[in-house]
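Input: a single structure, listed below in structure tokens.
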Amino acid sequence: MTAARPPVWLLDVDGVINASKPGWSAPPRTAYAYAQGQQWKMRWAPALITRIRDLHNNGIVEVRWCTTWCAYADQLERLWALPPLGRAFTDDVNGHAASVAKLAAVRQVLTEGRRLIWTDDTEVPLGGPLYDELMADVRVLLCRPKASRGLQPIEVDDIEAFATKEQPVTDPSALYHTLVRLAAINATTVTLVIPASNFEQVTLARDNINIPLWLLDEKPGYRFFAQVNIYAERPEHIMLWNCERDSVAAA
């Protein structure tokens with residue numbers, strides 16, 4: 001069975017790692033990096049770098065630089081003892097061009113079918129159409145830290161929790177075949193998570209799936225009952241399907 005790929009973490013630098021008052025209950029570190037022929041002061045919390053490194057190296061997330069430092073990210077990897085990381089883009093861009101490149105990177109991750117973590121102190125939306133679009137997708141976690149503080153422990157905890165939670169089942173055929181597989185190993189109860197936006201798609205995906213969602217095994221003699229409940233933490237996006245296998249008398 002193929003292991004699920006971790007979410008892609010699009011990681012900005014200035015205002016996210018590089019911050020004037022990074023905190024983390026320890027003195028910050030300071031050094032310099034060079035871009036566009038200039039020297040730039042970098043100030044960061046060592047504990048934050050350790051968390052980023054561990055999350056990536058342990059396969060919990062796949063970190064990709066998504067920053068105006070992308071063209072110079074090899075310096076940052078040496079400075080912070082990070083492994084070579086992916087780049088969301090390679091051009092040396094700033095201003096509007098950087099904004100366009102970052103949003104294109106966001107859409108590319110979702111096009112790849114991956115879950116997305118996006119941390120940026122200026123580009124992550126706080127409202128508006130883009131915010132609504134991204135928040136309607138359960139695969140997305142948005143994080144916009146305060147620029148002077150950068151990412152804080154509670155925010156990294158949220159990222160880790162998001163990365164390790166049960167993944168949504170978005171493909172109706174995958175939902176059906178998952179239930180069939182569970183029947184084969186005599187599972188009695190399983191909880192599957194799917195986006196609420198796919199509710200109608202799933203219920204109409206096969207002729208034998210209708211409200212109240214009786215799912216019939218391809219082998220006669222068994223049936224599945226799935227009761228839909230609203231997931232309290234994000235009721236607008238997620239539903240829980242509590243599925244039970246029952247034996248039924250042959251007709």
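Laboratory data are not the source of any read-out in this text; all were calculated from the coordinates shown. The structure presented is a predicted model; accordingly, all values stated were derived computationally and were not measured. Neighbour counts are summed over all protein chains in view; Cβ atoms, including those assigned to glycine, are modelled from backbone coordinates with ideal geometry.
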Q: Grab the other residues whose beta carbon is less than 11 angstrom from that of ARG114, score K and R as +1, D and E as -1, and report the net.
A: +2
Q.
Students often check this: by mean Cβ neighbours within 10 Å, which of 154-164, 31-41 ranks highest, and how do the rest follow?
A. 154-164, 31-41
Q) Given charges of +1 on the Cβ of Lys and Arg and -1 on the Cβ of Asp and Glu, with all other atoms neutral, how large is the dipole of region 8-164 about its Cα centre, in debye to the nearest 20? A) 420
Q. Which net charge results when you count Lys and Arg as +1 and Asp and Glu as -1 among the other residues whose beta-carbon is under 15 Å from that of ARG144?
A. -4
Q) How much FRET efficiency would the formula 1/(1 + (r/R0)^6) give for ALA4 and MET135, where r is the Cβ-Cβ distance and R0 is 22 Å, rounded to 0.05? A) 0.50
Q: Please sort by residue number the trypsin sites (Lys or Arg not before Pro) in region 68-134 whose DSSP state is loop and whose Cβ has at most 11 other Cβ atoms within 10 Å.
A: none
**Q.** Charge sum, other residues only, whose C-beta stays under 11 Å from GLU62's C-beta, Lys/Arg counted +1 and Asp/Glu -1
**A.** +3
Q) Within region 54-89, whose backbone N sits under 15 Å from a point 7 Å along Cα→Cβ of ALA104? A) 66-68, 70-71, 87-89
(Q) Expected output is a single nm value to one decimal: the length gained when fully extending between ASP74 and GLU112, i.e. 0.36 nm times separation in residues minus the C-alpha distance. What is it? (A) 11.2 nm
Q: May I ask you to compute the full-extension gain from ALA35 to ALA147, defined as 0.36 nm times their residue separation minus their alpha-carbon distance, rounded to one decimal in nm?
A: 38.3 nm
